[in-house]
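*Asks:* Have a look at this one before I ask anything.
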Amino acid sequence: MSDAIRRAPTASMRAISRDRFGEAEARHLLWRAGFGGTDAQIATLAEWGPERAVDHLLDVNNAAGYPGVRSDAFDAGVIREFTREEQRAYRMALQQGDEAAVARFRGLRESMQRADRDQMRSVQRWWLTRMIESSRPLEEKMTLFWHGHFATSYRTVENSYHMFLQNQLFRSHALGNFGDLLFRIIRDPAMLKYLNNDRNFRASPNENLARELMELFALGEGQYQERDIREGARALTGYTYSGNEFIFDANRHDDGQKQILGTSGNLNGDDFVKAILARRACSDFIATKLYRWFVADDIPARGTPARASMERVIRDLSGALRRHRYEIKPTLRMLFLSEHFYDAANRHTQIKSPAELVVGTVRSLHTPVRDLNTLLDAMELMGQRLFFPPNVAGWAGGRSWINTSTVFVRQNTTAFLLTGMTPGSGPAFTERAYDPAMAIRDFVTRRPEAARDPERMAGRLLEVMLGMEIGGGRRESVARVLGADGQPLSNDGILQAMMLISAMPEYQLC
Amino acid sequence: MDLHNSKAYTRRAFLVRGVTLASGAVTIPYFLQKSGVVLAQSSMLNPTGAGVPTDRILVVIQLAGGNDGLNTVVPFASDEYHRARPGISIRAEQVHRLFRQSDLGLHPALEGMKSLFDDGMLTVVQGVGYPNPNRSHFTSTDIWHTADTRGVGAGWLGRYFDNQCAGSPAADAGEELAGHAGISIGRSAPLTMQGRAYQPVSFESEELFRWTGAEASREVADAYDQMMRGELDPSVDETNPTAAFLTRTAMDARIASDRIRRAVSTTPLTSYPRTGLGRQLAMIASMIRSGLETRVYYATLGGFDTHAGQGGAQGQHANLLRQLGDAVRAFYADLKAQGNDERVLSMTFSEFGRRVRANASNGTDHGAAAPLFLMGPMVRAGIHGNHPSMTELEDGDLKFHTDFRRVYATVLEQWLKADSRAVLGGRFAPIRVIKQG
């Protein structure tokens, strides 16, 4: 519709020159390759120049600054399947109508499930905290990317420790090798359960994992035949788990001849993955997903210059993936340094996901976290419940985040972070620990006289929060909220002005 | 589209005001662009004209947690029933008998439902469920929400909304209907109402469906209102379609918020019990009265997961049923006073019934088939289907005989006048529970 007037970004993948990498570019990089940054962080990255800034963000193996994850962070045994003996006794009780015994078993299972749901909540809080605090934001952003890519929901898995293990798998491969991750994902207990591969037997294959491996995880629709699904499912028979470990159950495995994607032989799951990785469609598919995540989630209409530019860049990314044998880091390095990435037509075009909105507000404005549970609830109301993607295709993202209800949830969540106000709490803020000077420290210390001028303060707040110039009536109305000229600006006025800016549609963009 | 031809407008005041306020902006809210005319020409002209599809309203009441169907519609004459649940079974003299000769009765706390029944406004659909019942709250709730026995995909009413916009580009589908064609009272929108494209409006209380920041000061509230009415400079960057989309949606939200909050703030014509469900249904009745073009409302009553101390004629479960019956009775009294009762069909559902046999804690565990209620003056009052057998059980649970999707098909075809096959992805025969006229 409006594609006609959309300007096409350059398709150039040449590295951006140092003199064209200013604060606007640094801000863009921080938002896309992380969750935004303060004005001081933006200034630092701009001063460093593109190479050092990008390498700093890519250096997720740098353990300094933020702790790694301890394997004992959560209880590995909070929930378990019934043992064989328990299963037998339970079946017996059912058959014999021994209600007391049945109730005992169900009670046991339900109490484990309750404890597990509590732990799932802790894992959610833990991850949100990492996103907010980590000194390696790209690691968490890529973990979120893989979570949406290999979407697996606790609703089906019903095992918080398996969800935690999978999250750790994504984190440890955040910027690693996609091929490695694919070999690991067919051994991941949460995934095996979610896509029913624990029920994939030689005598009755379950095709769910085989299908999604090709359709949603690595190749895309139309890049395989129904036969590849059938034979791929046979290759994956016997890939299951016991407790918290992957096991290969040879008794369930079909070791007959198979032909998948043009490869034949007595193929197993690894051979299936190798056949997938050998396809050009695989690097194209991953390049497209990465592009949509980091550059533009809104695909321009076919035949437009913007579309042509996008397709060229994706081709280049796909080529880089193949050249680097599916290593993600060098591929992203090329993207984050490219002129295309920083083109003005690619800035302020993505709608912040709920995680980006919440985490980004805290990180870029230095607001208090206030209450993790409230933030998780708010994200759920905005349509993104961590560890509960809506289906195996993950979150649709982009415009699907926005409707008449989520608009208010988004505006009210930022108001909550800024002021502690909740609906109905009124202007008597219960908690006002936030000092708005945190967001504009640079400005206040370097230009004290400007910080007393509502007009200039309005301009600065708009710039810091929206990353763009807003003129005219909206800037004036922000200035009016800030107070009368000549008077020292009160924190209260600044907070209200920030709240107003955070309710502007542009605040939802990054 | 001519928004200034106001001859036919019944809600002229709103539209004229809306258009005037938005006219300063480059961007007109979707709500006015796309549904202004539909809204103006729709049922508002004739709020009591039943038979016109757009007039009809569906209210869904979810009984969350798994309602014990056996103690809701009670087979009081069955020895098996009393033997299976000593301590919580309901005796013959306690129930509200449905017919003189019948051996079925409503739970004693369901006085409200009994009075609806006597007034010809209640039908009980017996033995509702689906094959291979799933006893997980999550999964079985998803199955009911999606009308898919795997519990995957969009919600069934969400798909109904999606299909209402057939012919429009799928990406814009959600925007063709009034944004508030579906309203859910609750913390988050239930899956039932979420389409592939359509997203319902949902709010727990009307106070949450507005900008909190307005409470901080008059100045900031005014500035926000001006901004959202598009009165401040043509600020939307039309070369950035995403920014323009966000601005239009935010403007829509403000308009819906104003209308909904104004509607909800009116005092009901009749009194409601002071319960959670009573409050929700009072809000819905007020919205109906205000003439919102909402087609489906959704309310929820939770707490039915009665594993322990469920009680019999009195107690935990009885309190929930009383809350349900009294609230629905008050709701229809209000609707009748408004003259809107014939426009409104209500239905209950729960993710599963409970086991026939009580457990050791005088509660009941997750079961399978159960009855559901359809309510309103347009139902064929009575009981549909036999009570499931108390002796031929499946895994200790009642067997279903009426697939829940047949109930959905009935509501879609005979009430909402929609193509149930397109929404449900298959043919499910409607049941005869709605008056045809």
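The values are calculated or read from the model by the stated rules, or taken from the named source; none is laboratory data. A quick note: this is a predicted structure, and the numbers were derived from the prediction, not measured. Reconstructed Cβ throughout: ideal geometry from the backbone, glycine too, with neighbour counts over all protein chains shown.
*Asks:* Take region A:204-228 and flag every residue that is touching a Ser or Thr at 6+ places or on another chain (Cβ under 9 Å) and farther than 27 Å from A:E327 by Cβ.
*Replies:* A:P205, A:N206
*Asks:* Determine if region A:400-414 includes at least one residue that is within 8 Å of chain B (Cβ to nearest Cβ), surrounded by 20 or more Cβ atoms within 10 Å (Cβ to Cβ) and in contact (Cβ under 8 Å) with a residue 40 or more places away in the chain.
*Replies:* The answer is yes; a qualifying residue exists.
*Asks:* A further question follows. Out of the helices (runs of 4 or more DSSP H) lying entirely within region B:79-159, which hold 2 or more residues that are modelled with pLDDT under 95? Talk me through it step by step, then tell me what you get.
*Replies:* Values: elements: B:79-84, B:111-118, B:137-146.
Of the helices (runs of 4 or more DSSP H) lying wholly inside region B:79-159, those with at least 2 residues that are modelled with pLDDT under 95 span B:137-146.
*Asks:* Now, a different point. Among what's in region A:444-477 and is outside any helix (DSSP H, G or I) and within 14 Å of chain B (Cβ to nearest Cβ), pick the residue that is modelled with the lowest pLDDT.
*Replies:* A:G471
*Asks:* Taking A:E215 as meeting all but one of (1) assigned to a helix (DSSP H, G or I); (2) modelled with pLDDT of 95 or more, write down the number of the exception.
*Replies:* Looking at each condition in turn, A:E215 falls short on (2).
Condition check ((1) within 25 Å of B:L191 (Cβ to Cβ); (2) buried (at least 19 other Cβ atoms within 10 Å of the Cβ); (3) under 18 Å from the mean Cα position of the chain (by Cα)) across all residues:
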| residue | (1), (2), (3) |
| --- | --- |
| A:W127 | yes, yes, yes |
| A:K141 | no, yes, yes |
| A:N159 | yes, yes, no |
| A:N200 | no, yes, no |
| A:S204 | no, no, no |
| A:L213 | no, yes, no |
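*Asks:* Considering region B:262-321 alone, what residues qualify as being of a type in the set (F, W, Y) and either without any contact (Cβ under 8 Å) to a residue 40 or more places away in the chain or within 30 Å of B:H82 (Cβ to Cβ) (or both)?
*Replies:* B:F304
*Asks:* Considering only residues that are facing chain A (nearest Cβ under 7 Å), assigned to a loop (DSSP other than H, G, I, E, B) and over 19 Å from B:W144 (Cα atoms), look in region B:191-215 and name the one that is modelled with the lowest pLDDT.
*Replies:* Checked region B:191-215; the qualifying residue modelled with the lowest pLDDT is B:F209.
*Asks:* Consider A:L376 carefully, then state whether it is more than 9 Å from chain B (Cβ to nearest Cβ) and touching a residue at least 12 places away in the same chain (Cβ under 8 Å).
*Replies:* Against the criterion (more than 9 Å from chain B (Cβ to nearest Cβ) and touching a residue at least 12 places away in the same chain (Cβ under 8 Å)), A:L376 qualifies.
*Asks:* Counting just the residues of region A:90-100 that are surrounded by 14 or more Cβ atoms within 10 Å (Cβ to Cβ) and modelled with pLDDT of 90 or more, which one comes out farthest from the other protein chains (Cβ to nearest Cβ)?
*Replies:* Ranking the qualifying residues of region A:90-100, first place goes to A:Y90.
*Asks:* Does any residue of region A:128-150 turn out to be closer than 24 Å to A:A190 by Cα and in a loop (DSSP other than H, G, I, E, B)?
*Replies:* Yes - at least one qualifying residue is present in region A:128-150.
*Asks:* To continue, here is another question. For region B:348-397, which positions are among the acidic types (D, E), surrounded by 23 or more Cβ atoms within 10 Å (Cβ to Cβ) and either touching a strand residue (DSSP E or B) at 6+ places or on another chain (Cβ under 6 Å) or in a loop (DSSP other than H, G, I, E, B) (or both)? Quick ask: steps written out before the conclusion?
*Replies:* Going residue by residue through region B:348-397, those that are among the acidic types (D, E) are B:351, B:365, B:392, B:394-395, B:397.
Filter once more, so that each one left must be surrounded by 23 or more Cβ atoms within 10 Å (Cβ to Cβ): B:351, B:365, B:397.
Passing the criteria: B:E351, B:D365.
*Asks:* A:N491 fails exactly one of the following numbered conditions: (1) surrounded by 24 or more Cβ atoms within 10 Å (Cβ to Cβ); (2) touching a residue at least 40 places away in the same chain (Cβ under 8 Å); (3) of a type in the set (S, T, N, Q). What is the number of that condition?
*Replies:* A:N491 satisfies every listed condition except (1).
*Asks:* Now a separate question. Tally up the residues in region A:348-399 that are surrounded by 21 or more Cβ atoms within 10 Å (Cβ to Cβ), of a type in the set (G, A, S) and in a helix (DSSP H, G or I), please.
*Replies:* Summing the residues that are surrounded by 21 or more Cβ atoms within 10 Å (Cβ to Cβ), of a type in the set (G, A, S) and in a helix (DSSP H, G or I) in region A:348-399 gives 4.
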